[in-house]
1. Here is a check on your reading of the model: is A:T60 out of contact with any Asp or Glu (no Cβ under 6 Å at 6 or more places or on another chain) and in contact (Cβ under 8 Å) with a residue 12 or more places away in the chain?
2. On the given criteria, is B:T108 at the interface with chain A (Cβ under 10 Å from one of its Cβ atoms), over 15 Å from A:V61 (Cβ atoms) and without any contact (Cβ under 8 Å) to a residue 12 or more places away in the chain?
3. Just checking, how many residues over region B:23-65 are surrounded by 17 or more Cβ atoms within 10 Å (Cβ to Cβ), over 22 Å from A:D49 (Cα atoms) and within 13 Å of chain A (Cβ to nearest Cβ)?
4. Can we say B:A2 is open to solvent by less than 60 Å² (accessible area, probe 1.4 Å), at the interface with chain A (Cβ under 8 Å from one of its Cβ atoms) and not polar (S, T, N, Q)?
5. So which residues in region A:6-21 are under 23 Å from A:Y91 (Cβ atoms) and either open to solvent by 10 Å² or more (accessible area, probe 1.4 Å) or out of contact with any strand residue (DSSP E or B) (no Cβ under 6 Å at 6 or more places or on another chain) (or both), if there are any at all?
6. For region B:82-105, give me each residue that is free of Cβ contacts under 8 Å to residues at least 12 places away in the same chain and at the interface with chain A (Cβ under 7 Å from one of its Cβ atoms).
7. Would a scan of region B:92-100 turn up a residue that is open to solvent by less than 40 Å² (accessible area, probe 1.4 Å), hydroxyl-bearing (S, T, Y) and over 23 Å from A:P10 (Cα atoms)?
8. For region A:82-112, give me each residue that is of a type in the set (D, E, K, R) and over 30 Å from A:E30 (Cα atoms).
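The values are calculated or read from the model by the stated rules, or taken from the named source; none is laboratory data. This structure is a prediction, so every number in the text was calculated from the model and none was measured. Backbone-built Cβ (ideal geometry, glycine too); neighbour counts: all protein chains shown. Accessible surface areas use protein heavy atoms only, side chains included; no ligands, DNA or RNA. Shrake-Rupley method; radii C 1.70, N 1.55, O 1.52, S 1.80 Å.
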Number of protein chains: 2
Amino acid sequence: MAGLASTPEPPYHAVIFTSTTTDRTDGYAEAAARMIELAGDVPGFLGVDSARGGDGVGITVSYWESEDAIATWRADAEHTVVRETGRTRWYQEYELRVARVERAYGFTRVRPRPG
Amino acid sequence: MAGLASTPEPPYHAVIFTSTTTDRTDGYAEAAARMIELAGDVPGFLGVDSARGGDGVGITVSYWESEDAIATWRADAEHTVVRETGRTRWYQEYELRVARVERAYGFTRVRPRPG
């Protein structure tokens, strides 16, 4: 079982990327994994959560310390090339939203299985 | 193939809910579907995107016109009961982030399959 991103106290920024893919997804999974690896090297990257369901809808939310960090990631050369492949080949549709996280709270089960 | 939420021009608000579940998920899918149906009746609800991947990480992002709309949804009686069931039974871990969407842009493929 994978875990969830652990982020500091707000405020910080979130990039919410929702997508559906075409049926030509060769190379997509590898590129997605590589992008998460690359993003992790950008100063100000705080974490990422990602899921794609059986109906084809995918959501990736990345968390960032500042708008500058998001801009640095956007300008990354390899990321730029992969975005272009996304538009020409992989994505049927996507929406990218940049948001400021204002408050957050969490829950972690203390015992693995409830009584 | 499911579609993505269609939202107006920012600013608006997003509630980013990430979770992992226990192995006791009886009733969970029905409750999740019912919550999306109920949220849709709240004035100021703008849309929702949801995905859960094979590794168990789930992400639901709902979009709202105002903080008041989020507060109304939070106070809904049926929603409150279901949240409690989530904590006692379904969720291993979750994180809820309330964010203000500041900008957004999208892409829709014109032709179903690229040439």
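1. For A:T60, the condition - out of contact with any Asp or Glu (no Cβ under 6 Å at 6 or more places or on another chain) and in contact (Cβ under 8 Å) with a residue 12 or more places away in the chain - is met.
2. yes
3. 1
4. Answer is yes for this residue.
5. Matches in region A:6-21: A:H13, A:V15, A:F17, A:T21.
6. B:R87, B:T88, B:Y105
7. Taking every residue of region B:92-100 in turn, none turns out to be open to solvent by less than 40 Å² (accessible area, probe 1.4 Å), hydroxyl-bearing (S, T, Y) and over 23 Å from A:P10 (Cα atoms).
8. A:E102, A:R103, A:R109, A:R111, listed by residue number.
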